[in-house]
1. Only helical DSSP H runs with n ≥ 4 go in: add -39500 (n - 2.57) per run for the chain, normalise by residue count and round the 222 nm mean residue ellipticity to 500 deg cm²/dmol.
2. Carbon and sulfur atoms: what percent of the 1.4 Å accessible area of the range 40-108 do they account for?
3. GNM on the chain, C-alpha springs below 10 Å: top fluctuator among PHE40, PHE11, PHE30?
4. Which order do SER18, SER107, SER99, SER77 take by accessible area at a 1.4 Å probe, largest first?
5. Taking only pairs that are 8 or more places apart or on different chains, how many Lys pairs in the chain have Cα atoms under 15 angstrom apart?
6. Considering only protein heavy atoms, what per residue accessible area in square angstrom results for the range 1-41 with a 1.4 angstrom probe?
7. What's the angle, to the nearest 10 degrees (0 to 90), between helix 81-90's Cα axis and the longest principal axis of the chain?
8. With r as the distance between the Cβ atoms of GLU101 and SER80 and R0 = 25 Å, compute the FRET efficiency 1/(1 + (r/R0)^6) and round to 0.05.
Amino acid sequence: MIPYYSLASGFLTGKYRSEKDLANRARGEFVKKYLNDRGFRILDALDQVAGRYHSVPAVVSLAWLIARPGVTAPIASATSLDQLTDLIEATKLTLDPSSIELLNTASA
């Protein structure tokens, strides 16, 4: 499987945490559907795991997908060098089983 919207239109980067964050954003309408209890649980888990690894939610999100059985390659795009760096860092991050479980439970 190759997930197309691996970062959920940017939601899993952590930059969209309220409807106010969506104002005047190109992907605002796509992201709005994630602003719910499940979405906020996932962001909280991403923040926790990112803290453990001194990383950021985008890197952890992609590393989590890479760790999933059956995922061949998550598709993600970058519009800046910082975002490209995050994409590269995700390929180097190996999450421990407790981090994967935390993220799986949050997203269930």
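The values are calculated or read from the model by the stated rules, or taken from the named source; none is laboratory data. Predicted model, so just to flag it, every value in this text is computed and none were measured. Every residue, glycine among them, receives a Cβ derived from its backbone with ideal geometry; neighbour counts consider all protein chains shown. Heads up: the accessible areas ignore ligands, DNA and RNA and are worked out on the full protein's heavy atoms, side chains in. Shrake-Rupley method; radii C 1.70, N 1.55, O 1.52, S 1.80 Å.
1. Calculated at 222 nm, the ellipticity per residue is -15000 deg cm²/dmol.
2. Within the range 40-108, the accessible surface is 60 percent carbon and sulfur.
3. PHE30
4. SER77, SER18, SER107, SER99
5. Close lysine pairs under the 15 Å cut-off: 4.
6. Accessible area per residue, the range 1-41: 71 Å².
7. 40
8. It comes to 0.20.
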